[in-house]
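The values are calculated or read from the model by the stated rules, or taken from the named source; none is laboratory data. The shown structure was predicted, so the numbers you read here are calculated from the model rather than taken from an experiment. Cβ: placed from backbone, ideal geometry, glycine included. Neighbour counts: every protein chain shown.
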């Protein structure tokens, strides 16, 4: 079965149980979706109907509207970049590092040397707390606020009146080159300009800019664009792939914006691939905020019928994740987990459970086969199993 359009919806961090090698990451017993459901009384009739809840224990259920299975991670890291690489068929031997305890002295001193500015902060933060605490000091001394979100990233914040946005972007570009040269294994350098006054500082989200590590090899995204297919990014996908292979980038600040823009794109006439990332899950996973994570799942459930009803007969919707981030677990790092794979088309006759995938890359291989482009280096297509 071939499709004119494929929509890949990535539920960022919604893992469904510990991977075989979870013990190597000290992630024994993790299960993001399962544990959130255990902790919160959730009503998820629409996600249940497409088989998502059956992926928790990999139970068999023929009374579903979609094919479902789980995929196991094969790339070495549990960071966002490795997860997304693997989903699109890229084998990566790089395990990107996190710096939740702070960046090392040699990194910070090198940043000061190449930018000519002092650095402050050097902590882990997932919200705007750090600019509320350090915003005045940043302005007074012209420093750079350096922090991480608990992913493999180094974020640089500065007030736009103190350091103009283009200047901040240029600093981050230099820091990107520096961290590659120093082999820091940081996936992304992120410029975070902010505005406002004492106690009321806020990030300028549309001026955020990510400087990602370039993919280690050509992706199916480039091969799609070479064949004149559309490749549309909603959310942070374009940032993760440094814009490579993307024909249209659509920014979105939260899950609701992503879903609204996804449904808008479904109404457009195009051929190719649309990838959307629901990042709020990961945000609340890092915060270990079970209640808000649960709210995101319930909001997704409400939106599932809206998305499904807009799809054309020759569309395929793939719902999956890139790693886990169990909000009931210790620490604030990602968790090494299998991910759900949901496959929905209005043309399917007898959807059911599929055998588990040994790698996320089966998704990329199937996208490649559908559009008749070169098969990626890892992954096997599941298209022939869909009826």
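Brief remarks on what is shown
- The sole residue among 248, 310, 268 that is under 28 Å from residue 172 (Cβ atoms), modelled with pLDDT of 95 or more and surrounded by fewer than 19 Cβ atoms within 10 Å (Cβ to Cβ) is 248.
- Top-ranked residue of the stretch 169-204 - restricted to ones that are under 21 Å from the mean Cα position of the chain (by Cα) and assigned to a strand (DSSP E or B), ranked as nearest to residue 83 (Cα to Cα): 188
- Residue in the stretch 227-255 that is farthest from the chain's Cα centre (by Cα), counting only those that are without any contact (Cβ under 8 Å) to a residue 40 or more places away in the chain and outside any loop (DSSP other than H, G, I, E, B): 248
- Test: residue in the stretch 190-207 that is assigned by TED's automatic domain parsing to the domain that holds residue 371 and within 27 Å of residue 297 (Cα to Cα): no
- Matching option when the condition is more than 19 Å from the chain's Cα centre (by Cα) and in a helix (DSSP H, G or I), among 262, 224: 224
- Among the candidates 87, 44, residue that is assigned by TED's automatic domain parsing to the domain that holds residue 373, closer than 28 Å to residue 148 by Cα and touching a helix residue (DSSP H, G or I) at 6+ places or on another chain (Cβ under 6 Å): 87
- Qualifying residue in the stretch 297-311 (condition: in the same structural domain as residue 32 (by TED's automatic domain parsing) and assigned to a loop (DSSP other than H, G, I, E, B)): yes
- Yes/no for residue 326 being surrounded by 18 or more Cβ atoms within 10 Å (Cβ to Cβ), modelled with pLDDT under 95 and within 17 Å of the chain's Cα centre (by Cα): no
- Filter result for residue 131 (in contact (Cβ under 8 Å) with a residue 24 or more places away in the chain, within 16 Å of residue 175 (Cα to Cα), under 28 Å from the mean Cα position of the chain (by Cα) and buried (at least 19 other Cβ atoms within 10 Å of the Cβ)): no
- Any hit, the stretch 71-81, residues being crowded, with 21+ Cβ neighbours inside 10 Å, at pLDDT below 95, part of a helix (DSSP H, G or I) and touching a helix residue (DSSP H, G or I) at 6+ places or on another chain (Cβ under 9 Å): yes
- When residues in the stretch 1-50 are screened for being in a loop (DSSP other than H, G, I, E, B), over 19 Å from the mean Cα position of the chain (by Cα) and within 22 Å of residue 302 (Cβ to Cβ), 6 of them pass.
- Taken as a whole, the stretch 286-300 holds at least one residue that is touching a helix residue (DSSP H, G or I) at 6+ places or on another chain (Cβ under 6 Å), under 19 Å from residue 257 (Cβ atoms) and in contact (Cβ under 8 Å) with a residue 24 or more places away in the chain.
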